[in-house]
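Taking it in order: structure first as structure tokens, then the write-up.
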Amino acid sequence: MLVEEALTDTPIVVIQGARQVGKSTLAKQIADGRRAVQVSLDDADALDFAQFDPAGFVAQGADQLLVVDEAQRAPQIILPLKAEVDRDRRPGRFLLTGSSDLLRVRGAGDSLAGRAETIRLFPLSQGEIARRAEPERFVATLAEAPNSVHGIGLQDLPERLAGGGFPEPLKRPTPRAQARWFDSYVERLASHDANEANRGRFARRFRGLLTVVAARGQSELNVARLARDSGIPETSLAEYLDLAESMYLLERLPAWGLDLLGRTIRRPKVGLVDTGLGAHLARFRPAQAGQVPGREAFGALLEQFVAGELRRQRSWSPTPYELYHYREDARREVDLVVELEDSTIIGVEVKATAHPGRAHLAQLEALRERVGGRLRRGVLLHTGRAVQHRDGWLSVLPVDSLWS
């Protein structure tokens, strides 16, 4: 496990991610297996201790692992943590969890650079939901033995998209019960967490921003259009996006270019961290996937779903990689670009069709023409059953090949 591995060589390990992805549960499981002091800053007394005597709070672990849940509530402990680690740099001294990026929390006095390692916890992957014995390794297998990648094609993809990866709604027996959870989740994020971040004025429009992003799935960031559709002044939109990112609700997918400069000047794509949350806000229901009004929403969510699975797998992949999207013009754009350590790439197109044809390959072929031998593999993911590996560089695969 990445967290336990980090605790063997790093004084401070931070688990960060959206609310309700399982950070507290994971931290407790780790603490229960060793000598540890466990404190939650959701507890009023513990929070008072941390805020009014941060040095004493940090020292309470002594020679044990100090686990601090919801650490973002007391940024006052950051400087005492730095001082304590500078005094004694033994690994595995502190384990923090946070549902906001500690580096962006108002009042955090230091980045803890060189003293802390941050591990991002995402909603559950499809392999985790299925309780697979071995973690998914889609990119590693494509890079090493692409012809061995396969899938069976699933009929329940719309249900998987609408279910998402948050553990709690997945336990609920009906779509209606799941919808109640998502409603409460978004309401509390907007009314409580936005206020807690000292940005209470944002609460009224925060849900609207998430809803507009959800309706577009994984789409290129057009600031003027997003501001207009969400009713947020264009001059304020960056702050809203920053808040959503700091709460781990929003993900940016950078643009890929042949050089680093090209990547910095192109627009990223943005999407929500979880398709369950996105489907709820966009009012998408699985039964709509095959109908004209819902087909576009299904396609947008499907691309977001694939990007989300690849983000999750990146955390444990034996083959390191970075994720991007590619767009030169309308003829040359690819949904996802997986860049490997040797700078070769895997292009991934996602199509909401069960019957992929030659026309669906045009973008991958254009990418190959553009980058030549730098393209290690082109992959077309679709909703049907067809599995094809051909021409030495191309794979046509069902979406479930990501985890099958």
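The values are calculated or read from the model by the stated rules, or taken from the named source; none is laboratory data. If you're wondering where the values come from, they're calculated on a predicted model, not measured in any experiment. Neighbour counts are summed over all protein chains in view; Cβ atoms, including those assigned to glycine, are modelled from backbone coordinates with ideal geometry.
For the range 266-296: of the residues being farther than 14 Å from R216 by Cβ and β-branched (V, I, T), which is farthest from the chain's Cα centre (by Cα)?
Per the criteria, the residue is V292.
State which residue is surrounded by the fewest Cβ atoms within 10 Å (Cβ to Cβ) when the search covers only the range 214-273 and only residues that are at positive phi and in contact with an Asp or Glu (Cβ under 8 Å, 6 or more places away or on another chain).
Top of the filtered list is Y248.
Can you tell me which residue within the range 363-393, out of those that are aliphatic (A, V, I, L, M) and within 26 Å of L161 (Cα to Cα), is surrounded by the most Cβ atoms within 10 Å (Cβ to Cβ)? Full working, then the answer.
Filtering the range 363-393 for residues aliphatic (A, V, I, L, M) gives 364, 366-367, 371, 375, 379-381, 386-387.
Those left that are additionally within 26 Å of L161 (Cα to Cα): 364, 379-381, 386-387.
Details: L364: 23, V379: 27, L380: 22, L381: 25, A386: 14, V387: 16.
Residue satisfying both the conditions and the ranking: V379.
Any chance you could count how many residues in the range 28-87 are surrounded by 15 or more Cβ atoms within 10 Å (Cβ to Cβ) and either closer than 23 Å to A18 by Cβ or in contact (Cβ under 8 Å) with a residue 60 or more places away in the chain (or both)?
23
Could you grab me the full set of residues in the range 118-176 that are of a type in the set (S, T, Y), surrounded by fewer than 22 Cβ atoms within 10 Å (Cβ to Cβ) and touching a residue at least 60 places away in the same chain (Cβ under 8 Å)?
Hit for the range 118-176 is T118, nothing else.
Kindly list the number of the only condition in (1) buried (at least 17 other Cβ atoms within 10 Å of the Cβ); (2) under 19 Å from the mean Cα position of the chain (by Cα) that fails for S315.
All conditions are met except number (1).
Looking at (1) at pLDDT 95 or above; (2) surrounded by fewer than 22 Cβ atoms within 10 Å (Cβ to Cβ), can you tell me which one E328 breaks?
Just one mismatch for E328, condition (1).
Exactly one of these conditions fails for L340: (1) under 22 Å from the mean Cα position of the chain (by Cα); (2) closer than 20 Å to F305 by Cα; (3) of a type outside the set (V, I, T). Give me its number.
With respect to (1) under 22 Å from the mean Cα position of the chain (by Cα); (2) closer than 20 Å to F305 by Cα; (3) of a type outside the set (V, I, T), L340 is out only on (2).
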